[in-house]
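Below you'll find the structure, written out as structure tokens, and then a few comments.
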Amino acid sequence: MEIAIEYEVKFHNYNGNERDLEDFIEEYQFIRETRRNEGNVNSKVLSYFFDGLIALTKADQSFWNGDNQSAYSGYQEAARMFNRFKNSRNSNIRLDILSERMAYRANGLINLTDAIIIKDAKTKEEMFSKALSNFNEEVSLANKMNEQMSSYAAFARASFTESQILLIVANSIKNTDSDKAKRSLLKSRASLKQACYIDPRYIQYMDPLEETLDDLTRHRLLRRAEMQADKATHQSENGKYLEAKVLFQNAMLLHRRASALAT
């Protein structure tokens, strides 16, 4: 864990790609209670920041356990507490900037979780786009603060979100422009691979994407086979039997390739 020694209080940064979340929660709860017990206004305000970290970490637990509804509520609470902390102070030092960065992350995760829950494709794309904007702001602030690990983790969130946008785009045009849809799916896979390289937990989203890509490829192969067969029929009707034979063989080959993808 990365210790944030440059802030006005010593704690471990939670970047979002760590695994021992209970350790973070326990640490943040201890710091929050210690600050509250000090009994002064500044310490109470500081406790708001750790309330935000606790809510964010617990929400991530819910998210990775597949409980999107609880995650959504937790991210809302985290965003509220980070904003409350920032608005309660009359300063803009490093901890305030970190709070702003965490608020971008929390809001991005609100949008991301909302997009996963929502069924309507157009609304999903809008929510994912909002999430991507928030995560890009998080990356920018992490780079500005020279916190490389935080920047990598934020970039993973942005890459995953970008992959989901490209997947939605591909699905929306696959019946009208299969070439463009395939390019979009390949870009989606590349973005998802970037996210998986930083945080392997995103690998669970790879199989559905690969299945979509295989389905589209199979559809394209069958369409090409149909076109070859139509041309072969035309050549045969005009007495060009050798040409027709080659075209029929091409159609059969394309059908075999499509069958192989199906299995």
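The values are calculated or read from the model by the stated rules, or taken from the named source; none is laboratory data. Small disclaimer: the values here were computed from a predicted structure and weren't measured. Cβ atoms come from the backbone with ideal geometry, glycine included; neighbour counts cover every protein chain shown. Side chains are part of the model used for accessible areas, which takes the heavy atoms of the whole protein and leaves out ligands, DNA and RNA. Shrake-Rupley method; radii C 1.70, N 1.55, O 1.52, S 1.80 Å.
For region 54-72, what are the residues that are open to solvent by 60 Å² or more (accessible area, probe 1.4 Å) and either in contact with a Phe, Trp or Tyr (Cβ under 8 Å, 6 or more places away or on another chain) or farther than 23 Å from residue 23 by Cβ (or both)? Break it down into steps so the answer makes sense when it comes.
Quick first cut of region 54-72, residues open to solvent by 60 Å² or more (accessible area, probe 1.4 Å) only: 58, 65, 67, 69.
Within region 54-72, just 69 meets the criteria.
When region 75-91 is examined, which residues are found to be open to solvent by 50 Å² or more (accessible area, probe 1.4 Å) and of a type outside the set (Lys, Arg)?
Matches in region 75-91: 76, 77, 83, 87, 88, 90.
Let me confirm something: among 15, 42, 90, which residue is of a type outside the set (Val, Ile, Thr), in a loop (DSSP other than H, G, I, E, B) and farther than 20 Å from residue 134 by Cα?
Residue meeting the stated conditions: 90.
Six or more apart or on different chains, Cβ under 7 Å: which pairs go from a residue in region 194-210 that's in contact (Cβ under 8 Å) with a residue 60 or more places away in the chain and assigned to a helix (DSSP H, G or I) to one that's open to solvent by 60 Å² or more (accessible area, probe 1.4 Å) and of a type outside the set (D, E, K, R)? Could you list them?
What qualifies is 198/152; 198/155.
The rows are residues; the columns are (1) out of contact with any strand residue (DSSP E or B) (no Cβ under 9 Å at 6 or more places or on another chain); (2) among the aliphatic types (A, V, I, L, M); (3) not in a loop (DSSP other than H, G, I, E, B).
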{"site": "96", "(1), (2), (3)": "yes, no, yes"}
{"site": "100", "(1), (2), (3)": "yes, no, yes"}
{"site": "103", "(1), (2), (3)": "yes, yes, yes"}
{"site": "110", "(1), (2), (3)": "yes, yes, yes"}
{"site": "130", "(1), (2), (3)": "yes, no, yes"}
{"site": "133", "(1), (2), (3)": "yes, no, yes"}
{"site": "142", "(1), (2), (3)": "yes, yes, yes"}
{"site": "146", "(1), (2), (3)": "yes, no, no"}
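Only residues that are touching a Leu at 6+ places or on another chain (Cβ under 7 Å), within 24 Å of residue 60 (Cα to Cα) and either charged (D, E, K, R) or touching a residue at least 60 places away in the same chain (Cβ under 8 Å) (or both): list them for region 153-178, please.
162
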